[in-house]
Amino acid sequence: MLIHTPPSSACREHEVTSETVYLSRRRLLAAAGGLAASVSLPGHSQAGSTYSDVEPGQLPAWFSEKLSAARWQAMTPGNESVTPFKDATHYNNFYEFGTNKGDPARYAEEMRIEPWAVRIEGEVARPGIYSVEDLAKPHGLEERIYRLRCVEAWSMVIPWLGFPLADLLRRVEPTSKAKYVSFETRLAPDEMAGVRSGFSLIDWPYVEGLRLDEAMHPLTILAVGMYGRVLPHQNGAPLRLVVPWKYGFKSIKSIVRISLVSEQPRTTWESIAPEEYGFYSNVNPEVDHPRWSQAHERRLPSGLFSPNIVPTRMFNGYDEVAGLYTGLDLRKYY
Ligand SMILES: Nc1nc2c(c(=O)[nH]1)N[C@H]1C(S)=C(S)[C@@H](COP(=O)(O)O)O[C@H]1N2
Ligand SMILES: [Mo]
């Protein structure tokens, strides 16, 4: 299996987790794998996480098999610490379950995620309907510790488990007409308190999109897990996009459709307020939101009396994507 070389922005040499920690995590992981084998229920096992504060949850068999072979990045971006699991799972935006930050943790469990079918369609040579397991099967799982910067000016550092979207796209073979990729979240009003309430402005289902070259960039991943376990429902189980240099709303959750298309697709927030949210939505400290500054962000955990404010970086610190936008006026194409 190829070892993925992390991009320059993912770590600086002095900031890399020491090898001892890295190796002991790998050992832990091997031990977890062994444990999983000995106590597993048919089709499921408990264990796998290497993060001490994490509720491991149930791991489907295909996931624990992949986990034991996962490539662990074992480094954080910069010298920043990983956000506690509790914050990453109790301060969420997932409007299908309500607009308060605590709503997804409270209600997302109501969403049925098994079985789960993802339709791949449009300008591809090999369209089809895939289970999450089938989608993930040919790919190794990698840990990617990324910053997540919400357009609302708060941020976290999350260790995702997933695989590059590019690997999947290559497998389904985009045709020469494919210029963009569009994504759609599951829509099931009886399982989604926020959709039922009719309170939000969103024209469901939630949709997002990327230019094909952005989708093919090696930093863009489809995540099936985080913190060494499967994705909690509130974080977009069982499959979500993660595009770390763009505002969080581009990282669409609980995906059921991936379409390769020739025209720039409609996206949820751009259709609600095009003067506030653009198609690109690259993190950019120099282009403010019309109603607030984007120069700084509140890095969670951040208390009312101990605010943790850090400067926002161009492309969220992932400078290697700059080449995707040469010649594009980023004030106009925000
Ligand atoms: N389907 C769907 N995907 C979504 C959202 C949403 O409301 N619905 N919110 C987005 C926003 S605004 C952010 S900041 C991230 C939050 O991801 P997290 O809760 O895992 O941190 O998910 C994004 N993906
Ligand atoms: Mo967000």
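Taking 30 Å as the limit for the C-alpha separation, the pairs Lys179/Lys246; Lys66/Lys253; Lys66/Lys179; Lys137/Lys177 exceed it in the case of Lys66/Lys179. Most tightly packed first, judged by the mean number of other beta-carbon atoms within 10 Å of their residues, the peptides 236-249, 144-157, 188-201, 304-317 read 236-249, 144-157, 188-201, 304-317. Using θ = phi - 60° in the Karplus curve 6.51 cos²θ - 1.76 cosθ + 1.60, the 3J(HN,Hα) couplings for segment 266-283 round to 5, 10, 4, 6, 5, 6, 6, 8, x, 6, 9, 10, x, 5, 6, 6, 6, 4 Hz; x is entered for Gly and Pro. A simple spin-label model places pseudo-atoms 7 Å from Cα toward Cβ; at Glu65 and Thr99 they are separated by 4.5 nm. Of interest is the spacing of the C-alpha centroids, which for segment 200-267 and segment 104-149 amounts to 9 Å.
Each Cα pair under 8 Å and six or more residues apart adds its separation to the average, and for segment 243-334 the resulting relative contact order is 30 percent. The gain in end-to-end length when the Arg126 to Ser200 segment is fully stretched comes to 23.0 nm, 0.36 nm per residue minus the alpha carbon separation. Only Cα pairs under 8 Å and 6+ residues apart enter the sum, and on that basis the relative contact order of segment 27-325 stands at 19 percent.
Accessible surface of segment 27-325, 1.4 Å probe: 54 percent of it comes from carbon and sulfur atoms. Taking 0.36 nm per residue of separation and subtracting the current Cα-Cα distance, fully stretching the chain between Ser293 and Asp190 would add 33.3 nm.
Say R0 is 56 Å: what FRET efficiency, to the nearest 0.05, do Asp213 and His90 get from their beta-carbon distance? The computed FRET efficiency comes out at 0.95.
Computed from backbone phi with θ = phi - 60° and the Karplus coefficients 6.51, -1.76 and 1.60, the 3J(HN,Hα) list for segment 154-159 is 10, 8, 9, 10, 10, x Hz; x is used for glycine and proline.
Mind giving me the FRET efficiency for Arg266 and Glu320? R0 is 30 Å, r the Cβ-Cβ distance, nearest 0.05 is fine.
Plugging the Cβ-Cβ distance into 1/(1 + (r/R0)^6) gives 0.55.
Residues in segment 27-325 average 40 Å² of solvent-accessible surface per residue, probe 1.4 Å, ligands and nucleic acids excluded. Counting only the Cα atoms, segment 27-325 fills a convex hull of 133 Å³ per residue. Computed from backbone phi, the HN-Hα couplings of segment 55-72 come to 7, x, x, 8, 9, x, 4, 4, 6, 5, 4, 5, 4, 5, 10, 5, 9, 9 Hz, rounded to whole numbers (Karplus: 6.51 cos²θ - 1.76 cosθ + 1.60, θ = phi - 60°; Gly and Pro given as x).
May I ask you to compute the full-extension gain from Tyr333 to Asn308, defined as 0.36 nm times their residue separation minus their alpha-carbon distance, rounded to one decimal in nm?
Computed gain between Tyr333 and Asn308 is 6.0 nm.
The values are calculated or read from the model by the stated rules, or taken from the named source; none is laboratory data. All values derive from a computational prediction rather than experimental measurement. So basically every Cβ, Gly included, is an ideal-geometry build from the backbone, and we count neighbours across all protein chains shown. The area values use the complete protein model at the heavy-atom level, side chains included, leaving out ligands, DNA and RNA. Shrake-Rupley method; radii C 1.70, N 1.55, O 1.52, S 1.80 Å.
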